[in-house]
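These notes concern the structure reproduced below.
Where a number appears in this text, it was derived from the coordinates with a stated rule and is not lab data. Treat the numbers as computed from the prediction; the structure is a model and nothing was measured. With ideal geometry, Cβ positions are generated from the backbone for all residues, glycine too; neighbour counts draw on all protein chains shown.
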Amino acid sequence: MTSDDKSREYVIQTEDVRRSYAGGFEAVSGASFAVARGELFALLGTNGAGKTSTVELLEGLARPDGGTVRVLGHDPYAERTRVRPRIGVMLQEGGFPSELSVTETVRMWAGCTSGARPTGEALELVGLGHRARVRVKQLSGGERRRLDLALALLGRPEVLFLDEPTTGLDAEGRRDTWALVRRLQEDGTTVLLTTHYLEEAEALADRLAIMHRGRIVTAGTTAEVTAARPARIRFELPDGVPAARLPLELRAAADGPRIEIRTHRLQDSLTELLRWAAESDVALRALDARSASLEEAFLDIAKSAAETEEVSAA
Amino acid sequence: MTTTTTTAPSTPRTTPLTRLTALGRAELTLLVRNRTAVFVALLMPAAMIMAMKSTFEKIDLKSTGLTVAGAALIGGIGTVLVQAVYMNMVAAYVARREELVLKRLRTGEVTDGEILAGTALPAGALALAQSAVIIVTGTAFFGLDAPERPELLVAGLLLGVVLLTVLAAITSVITRTVQTAQLTTLPLFLVSMMGSGLFVPLEIFPDRLATVCELLPLTGVMTLIRAGWLGTSDGTDLLGAALTGLVWTAAAVFAVQRWFRWDPRR
């Protein structure tokens, strides 16, 4: 730890936290991470990886079966009366009475929220001002998500939990939400976000963790998570040029004329490939070279996990 | 979208009172918008009183010390409690659960008890108002005396509202949809109608059967209400009646804490 770490205040801390459901299924198997004040932390994972189960523990909706959870220095389950007024929650799936209007819904929520913003302000924040008098049942799925977000923001929370906040939103709605989340973060709000859109995590997160089968498989900044992954070069060889003619050091994998090269030194490998192509007078079709992205890191993890499963199933 | 830094006035810290008011107000809006429920809740007691009146006219009420009007109107109050509170609230809890409203509310500052109580406030208030109308009507038009012991009457009514609300919460556990609520509420409805003195006074039952009926959930409440209005019970009766109601309430509260479902079975 550097001296910088010591001065940081961690508003969310979990240590070896576990959660099992009736029937013995362990959804969270020892997850540890910490989120500093003002940070935006993204929790990624395949479906059923345990993201929502973990977030529910942080929100104080359930008690962990093992390990400790601290939010703003308190146990969010046992000390919910101290924690709840300072956090905002948007569930992956939450509901509102369908026969209430948008305004009536916010008003109800405001009566249950310490330091609530005025109704109009909350609705303007998420761009729902023009739908204030509409009944909840007439809202689109995306508008319902915005209403949910408005309620999460109603009490000007210090810590905001967003469980897949942009699922069901169109591209514009997603951009609006991203902009809003960034502004909240600029104002000092700590945000914990789960998402299955990798570009969302890439665009917003200071740090992220990838979960798989109840465990945190990798964590860090986007750069740290992708740094360990190889870059990728793809191209097709013209007819009559066998893959065997490629320089050996390139470690190319061939699938018919299609070639894929995985490398930790993208520039060197690419230089070598292009020099070889020029010297051998070979035209590389559909040439594509890219650094490791979050998506590749993610797919790698999912793939290696799937292989492990096949082995253990055999 | 505006900036998040505006410093408009915001509400102070919430209290149980502000939270219950907010939930109750929303639920009242919903109740008023549910025309069928309001219609049923308003008309059913009147219809039941008419039906009971014709039944009681055929029964020899001498041994019970009740008049036909008295028996029918007490039965009407019982119907109001079962209808407006119990049957209404089972449907309301199931609807809020299936709409994921309960789940969403539980992420906020409201406590579990406040969610259940706040949701029940309008139905409870409606039942009390209807009971008041029945009592005023009985006194003004059916020659009944004003309540002999108002404190007992009020205690009985309040205990009834609380008990039936908690029983509604428990019944919602075994109710999958709002539609099936009509089915799952039938057992308590029928048992109370027949066995808790709503349709037939317990005094005309054989002794052993009457003793069993005294232990039914709503019997104690009805005894208190009858004694409060018409003054037809002695002290030991009343203590037993209050105890029966309280024990049922405590048992139901325990069951709710253990088994209440906050989100839909998926």
How much FRET efficiency would the formula 1/(1 + (r/R0)^6) give for A:Ala179 and B:Leu158, where r is the Cβ-Cβ distance and R0 is 56 Å, rounded to 0.05?
0.60
Give me the inter-chain shielding for A:83-90: mean count of other chain Cβ atoms within 10 Å, whole number please.
3
Listing A:Val136, B:Val101 from the residue with the fewest other Cβ atoms within 10 Å to the one with the most, what is the order?
A:Val136, B:Val101
Could you give the size of the charge dipole of the range A:174-214 about its Cα centre, using +1 on the Cβ of each K and R and -1 on the Cβ of each D and E, expressed in debye and rounded to the nearest 20?
140
Report for chain A the percent antiparallel among DSSP-assigned beta bridges with both residues inside it, nearest 5.
65
Size of the dipole of the range B:24-91 about the Cα centre, Lys and Arg at +1 and Asp and Glu at -1 on the beta carbon, nothing else charged, in debye to 20?
160
MRE, 222 nm, helices only [DSSP H, n ≥ 4, -39500 (n - 2.57), over chain A, to nearest 500]
-10500 deg cm²/dmol
Residues whose built amide H sits under 5 Å from the amide H of A:Ala116, excluding neighbours closer than 5 in sequence, are B:Thr11
Take the Cβ-Cβ distance between A:Glu9 and A:Ala302 as r, set R0 to 41 Å, and report the resulting FRET efficiency rounded to the nearest 0.05.
0.75
Calc'd 3J(HN,Hα), the range A:98-115, phi into Karplus 6.51 cos²θ - 1.76 cosθ + 1.60 (θ = phi - 60°), Hz, glycine/Pro = x, comes to 5, 8, 8, 7, 4, 4, 4, 5, 5, 4, 4, 5, 5, x, 10, 10, 5, x
Other chains near B:94-106: what is the mean number of their Cβ atoms within 10 Å of each residue's Cβ?
5
Would you please give the residues with an amide H less than 5 Å from that of A:Val28, counting only those at least 5 places away or on a separate chain, with H modeled from the backbone geometry?
A:Arg19
Quick check: the distance between the Cα centres of the range B:30-45 and the range B:163-205, to the nearest angstrom?
18
Return the distance in nm (one decimal) between the two label points of a simple spin-label model at A:Ala253 and B:Glu57, each offset 7 Å from Cα along Cα→Cβ.
9.0
May I ask for the Rg/Rh ratio of the protein assembly as shown, computed from Cα atoms with Rh as the Kirkwood radius, given to two decimals?
1.15
Angle between chain A longest axis and helix A:141-153 axis [Cα atoms, degrees, rounded to 10]:
60
The rounded separation in angstrom of the Cα centers of the range A:29-73 and the range B:95-136 is 32
Antiparallel versus total DSSP beta bridges in the range A:122-221: what percent is that, nearest 5?
50
For chain B, return all DSSP H helices satisfying: extent of Cα atoms along own axis at least 30 Å; mean Kyte-Doolittle hydropathy at least -0.5.
B:35-58, B:112-141, B:150-173, B:235-259
Using helices alone, I'd like the mean residue ellipticity at 222 nm for chain B: each DSSP H run of four-plus residues gives -39500 (n - 2.57), total over residue count, nearest 500.
-22500 deg cm²/dmol
Provide the percentage of antiparallel DSSP beta bridges, counting only those with both residues in the protein assembly as shown; round to the nearest 5.
65
For A:Ser98, other-chain or 5+-apart residues with amide H closer than 5 Å (H placed, Pro excluded) are none
